[in-house]
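Structure first, commentary second.
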Amino acid sequence: MKMKTTLITVTILIFAMSLTASSVLAGSKQRHRWEGVAIGVGAAILGHAIIQSHRAEPQRPVVHTHPQPAYRPHHPAGQRQGHWEWRSVWVPPNHETVWNPGHYNHKGRWVPGHWIHVQTTDGHWAQARVWVARGRAPY
């Protein structure tokens with residue numbers, strides 16, 4: 001109990017002494033004015049950046065599409081008519097949607113961020129094994 005009373009008394013004394021300090025010891029009012037201005041401007045810029053980041057369009061996941069394989073029905077071995085051949089097939093170009101962040105163009109004007117379509121691979125010819133069906137003979 002005595003320790004608690006002593007602790008409360010010391011706390012009250014320290015608080016009372018802090019209130020008795022004279023404003024003369026604080027120095028000139030203009031001494032730290034520019035530091036305060038710099039902190040205020042920095043807080044405004046940081047707050048603006050945080051607000052703009054929440055307003056930006058959320059980044060969509062990049063989706064790569066691959067051509068679906070052609071459906072080939074399974075026939076019993078005795079009913080298949082045709083053969084396999086190596087042929088040239090066209091592989092279409094692949095496109096991707098990416099986020100282009102805001103920037104200044106060559107004329108010095110601000111261009112806001114936007115989604116753009118980028119071609120990741122060119123279309124090309126490739127060799128592929130293709131089933132060539134043979135027509136049935138009329139009965």
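Yes or no: His95 at pLDDT 85 or above, under 28 Å from Trp125 (Cβ atoms) and surrounded by 10 or more Cβ atoms within 10 Å (Cβ to Cβ)? Taking the combined requirement at face value, the residue satisfies it. Just one of the listed residues (Ala77, Ala44, Ala56) is at pLDDT below 70 and surrounded by 10 or more Cβ atoms within 10 Å (Cβ to Cβ), and it is Ala56. Among residues of the range 93-113 that are closer than 26 Å to His64 by Cα, those with a beta-carbon under 9 Å from a residue that is of a type in the set (Lys, Arg) at least six positions away or on a different chain give the pairs Thr97/Arg60; Trp99/Arg60.
The values are calculated or read from the model by the stated rules, or taken from the named source; none is laboratory data. Since the model is a prediction, treat every value here as computed from it, not as a measurement. A quick note on method: Cβ atoms are made from the backbone with ideal geometry, for glycine too, and the neighbour counts reach across all protein chains shown.
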